[in-house]
1. Out of everything in region 77-87 that is in a helix (DSSP H, G or I) and without any contact (Cβ under 8 Å) to a residue 12 or more places away in the chain, what residue ends up being nearest to the chain's Cα centre (by Cα)?
2. Looking only at region 6-47, which residues are touching a residue at least 60 places away in the same chain (Cβ under 8 Å) and aliphatic (A, V, I, L, M)?
3. Of all residues being touching a residue at least 24 places away in the same chain (Cβ under 8 Å) and among the hydrophobic types (A, V, I, L, M, F, W, C) in region 48-75, which is surrounded by the most Cβ atoms within 10 Å (Cβ to Cβ)? Just the residue, please.
4. Name the residue, out of Ser45, Ser15, that is surrounded by 10 or more Cβ atoms within 10 Å (Cβ to Cβ), of a type outside the set (A, V, I, L, M) and within 29 Å of Glu80 (Cα to Cα).
5. Got a number for residues in region 1-54 being within 30 Å of Lys74 (Cβ to Cβ) and either of a type outside the set (A, V, I, L, M, F, W, C) or in a helix (DSSP H, G or I) (or both)?
Amino acid sequence: MISMAGPNAPKRGLSAYMFFANEQRENVREENPGVSFGQVGKLLSERWKALNEKQRAPYEAKATADKKRYEDEKQAYNTEQKEEKSS
């Protein structure tokens with residue numbers, strides 16, 4: 001998928017799962033040496049599914065905060081783009 005946004009556009013917010021995966025990826029690799037990239041993803045997915053609501057809460061909070069960051073940056077970026085076009 002090709003992005004139509006400019007190079008200075010804000011990056012989209014990460015999901016709770018992505019925060020979890022980024023935090024746990026190295027652990028999975030260390031515990032399972034020699035596994036393929038796809039297998040790492042599968043193992044991460046299994047671990048995520050095994051978490052209860054309380055264990056997921058910190059990742060959900062990070063995702064909510066990152067979504068707010070993205071929305072704020074996107075609004076500022078769009079305002080900046082409109083100002084540049086009207087100049």
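1. Once the filter is applied, the top-ranked residue is Asn78.
2. The answer is Ala9, and nothing else.
3. Ala63
4. The match here is Ser15.
5. Number of matching residues: 24.
Taken together, the values in this text are just the output of simple stated rules run on the coordinates, not laboratory data. All of these numbers come straight from a predicted model, not from anything done at the bench. No Cβ is skipped: glycine too gets one built from the backbone with ideal geometry, and neighbour counts run over all protein chains shown.
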